[in-house]
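Visitor: Mind looking over this structure? Questions follow.
The values are calculated or read from the model by the stated rules, or taken from the named source; none is laboratory data. No experiment lies behind these values; they were computed from the predicted model shown. Here the Cβ positions follow ideal geometry from the backbone for every residue, glycine too, while neighbour counts run over all protein chains shown. To get the accessible areas, we keep the full protein, side chains included, count just its heavy atoms, and leave off ligands, DNA and RNA. Shrake-Rupley method; radii C 1.70, N 1.55, O 1.52, S 1.80 Å.
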Amino acid sequence: MTNPLLVQASLPHFSEIKPEHVKPAVVQAIAKCKETIADVLASNQIFTWGNLVIPIDEVDDTLGKLWSPVSHMNSVVNNDELRDAYESCLPLLSEYGTFVGQHQSLYEAYQQLADSNEYHILNVAQKKVIDNALRDFTLSGIALSGDDKKRYGEIATRLSELSSKFSNNVMDATQAFTVNISNESELSGLPESAQEAAKILAKEKELSGWLFTLDYPSYLPVMMYCDNRALREQMYSAFCTRASEQGPNAGEFDNSETMAEILKLRHELASLLDFDNYSEKSIATKMAGNTEEVLSFLENLAIKSKTQGQKEFAELTAFAQTLSADNNELQAWDLPYYAEKLKQERYSISDEALRPYFPEDKIVKGLFEVVRRLFGLTITLREGVDTWHKDVKFYDVFDADNNQRGSFYLDLYARENKRGGAWMDDCKGRRELANGEVQLPVAYLTCNFNQPIGDKPALFTHNEVVTLFHEFGHGIHHMLTQINASSVAGINGVPWDAVELPSQFLENWCWQPEALAFMSGHFETGEPLPKEMLDKMLAAKNFQSAMQMLRQIEFSIFDFQMHLNYEEKASSEKQENYIQQILNKVRQQYSVTTAPEFNRFQHGFSHIFGGGYAAGYYSYKWAEVLSADAFSRFEDEGIFNEEVGRDFLTNILEKGGSQEPSELFSAFRGRTPEIDALLRHSGIAV
Ligand SMILES: [Zn+2]
């Protein structure tokens, strides 16, 4: 029997991949990588781009290409066997990462290449590959002595296990909780679409009535529309205590110890590398220059937003009091509900009223039309591609000269055993092969929108439309790159605080009347979004924007300070409460609302404990400043101005990680970034 993961193919054979294939394939590929590194080092005296970088890149790419579908399937068609197989490989991959990162002779080979005459005639991207490699060698402990080096490896392995454990707890806690409602009267206020979806969920579980879960498409409508305060409280309490010692599943999937250990080990890792703290280590690979620059950037935004945020909250409170007869104090589970009502009163427009105007087909075609006008792209559906689920579609992307640039899988709907949220990931990246041919990039675009119900097409909220554009922005960064040195092609090698630039940038077109004219259309009549609704939607855009800004800043400062101020020598009791205390302090200082005592938001904060955003969550805001400022050039010169589009394509999208983002930004904008455009777009007075 052949292992589909070990077959060289242009695209993965998803339908053939079974859990038992995973570990043998990974073991074999890693062995091949190690063997190649040994060969390269043994058979050369003088190291060149051709005899050092290319052959190792080749085998690493093979490993990446077989791991990518496994990791992807673990996220989108998860089951126990696959999860076990996936997890059994994490220590191997981490061990290989450490093996490379601490390989003394490999490091010396790169060092020799950096000091050689050849280095000076390499192109910008190739030089950047070597510079980054040397930087990463240092960050992965190459300069450490024997015992410290060993300790470094242990920490890295343990951290990768812990972050996986964290994510699993969040996923399990999310799935462990459901509410089955049998009486329709309990659902008053809830839109029909949400009720229908809840009915289908109940049926799938062979239950009667309506079933609600903590997945966003099920959870959010309840919080926003359901008049039933007790149900809102029940759902909110379950949601914001997931994977903690609080709430309905208290202690069952508790992440507390995992989080404490993660922080402790991150700090130890940073100390081993001679950083004062983990935030400092995080900054070493980012666009931001130092930790003070990050904090003052966030504080500056907070100061500019605070007064307006307080005003927005006071308005919400006053409004809620006029509606609520029992004079109950406004609680966390009331905020989205009254906010939606206030939004209604002011703009009389709801997500639900807009939904019929955003059917899937119109939106997807509209998105393709936007990137055709901006960058000259043509996107075509390819039938018959093997995928992991029948709802997944596959597309090819061609540029203005009709050259293929890349392809992507589009997986739009929420379903069981699929991780929540939306993201772009790479199936494979652009790189020049040894024979001179170029491997084209392939992306996964994953969302969790409502699937079509009955004969109706899938109808999206405007928010979901924005999400799709966002992920597609990442997608074109990955797919349009013209850099052939793989580790700085596309999103590779782009600092995390600049990587959200193309994604947040593309969101802007979801708010442009000229674009909405062709990407909206009532699913029954085809009528485009009426002018009156459009005007209201645009007017509502910045509703409570200062409160939202402050919320993101609160998460960012919490994450950054938690890693910055960690004290290694604090008593264990102090360390136990450390995370909650930092969060409380940050909330006190920056939040305009009060979270309930039992709120354990941090236990589900996967970005920083389960993903790669540790001491880097601020990146979203940082990149938002870049994207708003970049978009303001389109505002000045025309939102479909081809020349500006081409400038963005050639200066930013195509360049990937081959140059510093500050250089690329200046090349496009003609100056350094300014925060004014973001504040203006958010309706916050500068
Ligand atoms: Zn993003």
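Visitor: Rounded to the nearest 10 degrees, what's the angle between the helix 256-272 long axis and the longest principal axis of the chain, both from Cα atoms, 0 to 90?
Guide: Helix 256-272 and the main axis of the chain meet at about 40 degrees.
Visitor: Rank-order 105-118, 473-486 by packing density, defined as the average count of other C-beta atoms within 10 Å over each peptide's residues, highest first. Walk me through the intermediate numbers first.
Guide: Numbers: 105-118: 16.3, 473-486: 25.5.
Packing order, densest peptide first, comes out as 473-486, 105-118.
Visitor: For the chain, find the longest principal axis of its Cα atoms and tell me its angle to the long axis of helix 124-139, 0 to 90°, nearest 10.
Guide: The answer is roughly 90 degrees.
Visitor: For a Förster distance of 35 Å, can you work out the FRET efficiency between the beta-carbons of residue 385 and residue 148, rounded to the nearest 0.05?
Guide: That gives a FRET efficiency of 0.15.
Visitor: Distance from a point 7 Å along Cα→Cβ of residue 250 to each backbone N in region 577-592: keep the residues under 13 Å and list them by number.
Guide: Output list for this probe position: empty.
Visitor: Compute the relative contact order of region 73-219 as a whole-number percentage, counting only Cα pairs closer than 8 Å that sit 6 or more residues apart in sequence.
Guide: Numbers: 96 pairs, mean separation 28.7, N = 147.
In percent, rounded to a whole number, it is 20.
Visitor: Enter the accessible area per residue of region 52-161 (Å², integer; probe 1.4 Å; all protein chains in place). Could you put the intermediate results ahead of the total?
Guide: Details: 4740 Å² over 110 residues.
Per-residue accessible area for region 52-161 comes out at 43 Å².
Visitor: Another question, then. Given a 1.4 Å probe, how much area per residue of region 355-473 is accessible, in Å²?
Guide: Details: 4660 Å² over 119 residues.
About 39 Å² of surface per residue is accessible.
Visitor: Follow-up. From the phi of every residue in region 360-368, what ³J(HN,Hα) in whole Hz does the Karplus formula 6.51 cos²θ - 1.76 cosθ + 1.60 yield, where θ is phi - 60° and glycine or proline is x?
Guide: Per residue, the Karplus-derived 3J(HN,Hα) values read 3, 4, 4, 5, 5, 5, x, 4, 5 Hz.
Visitor: At 1.4 Å probe size, with the rest of the protein present, what percent of the exposed accessible area of the chain is carbon and sulfur atoms?
Guide: Working: 14130 of 29300 Å².
Answer for the chain: carbon and sulfur cover 48 percent of the accessible area.
Visitor: Let me ask you something else. Which order do 646, 135, 232 take when ranked by solvent-accessible area (1.4 Å probe, heavy atoms of all protein chains), largest first? Each step should come with its number before you reach the end.
Guide: Details: 646 130, 135 85, 232 5 Å².
From most accessible down to least: 646, 135, 232.
Visitor: How high is the relative contact order of region 231-345, given as a whole-number percent (alpha carbon pairs under 8 Å, six or more residues apart)? Could you put the intermediate results ahead of the total?
Guide: Details: 62 pairs, mean separation 17.4, N = 115.
Relative contact order for region 231-345 comes out at 15 percent.
Visitor: Let me ask something else. Report, please, the projected area of region 352-499 averaged over directions, based on the convex hull of its C-alpha atoms, in nm². Write down the numbers at each step before the final one.
Guide: Working: hull surface 41.5 nm².
For region 352-499, the mean projected area of the Cα convex hull comes to 10.4 nm².
Visitor: Nearest-5 percent of antiparallel DSSP beta bridges in the chain?
Guide: Details: 22 of 28 bridges.
Roughly 80 percent of the beta bridges in the chain run antiparallel, per DSSP.
Visitor: Between residue 535 and residue 680, how high is the FRET efficiency from 1/(1 + (r/R0)^6) when r is the Cβ-Cβ distance and R₀ = 22 Å? Nearest 0.05.
Guide: Numbers: r = 19 Å, r/R0 = 0.86.
That pair, residue 535 with residue 680, gives E of 0.70.
Visitor: Using only Cα atoms, tell me the angle between helix 146-176 and the longest principal axis of the chain; keep it within 0 to 90° and round to the nearest 10.
Guide: 30 degrees
Visitor: Which peptide among 622-633, 371-382 comes first, and what is the full order, when sorted by highest mean count of other Cβ atoms within 10 Å? Walk me through the numbers on the way to the answer.
Guide: On the way: 622-633: 23.2, 371-382: 16.7.
Highest to lowest by the protection proxy: 622-633, 371-382.
Visitor: Moving to a separate point now. Based on DSSP H runs of at least 4 residues, each adding -39500 (n - 2.57), what is the mean residue ellipticity at 222 nm of the chain after dividing by all its residues, to the nearest 500 deg cm²/dmol? Could the numbers behind the result be given before it?
Guide: Values: 27 runs with 383 residues, N = 686.
The helix contribution divided over the chain gives -18000 deg cm²/dmol.
Visitor: Oh, and also: Would you mind getting me the FRET efficiency between residue 321 and residue 230? Use the beta-carbon distance for r and R0 = 22 Å, nearest 0.05. Present the calculation step by step, with values, prior to reporting the outcome.
Guide: On the way: r = 20 Å, r/R0 = 0.91.
After rounding to 0.05, the efficiency reads 0.65.
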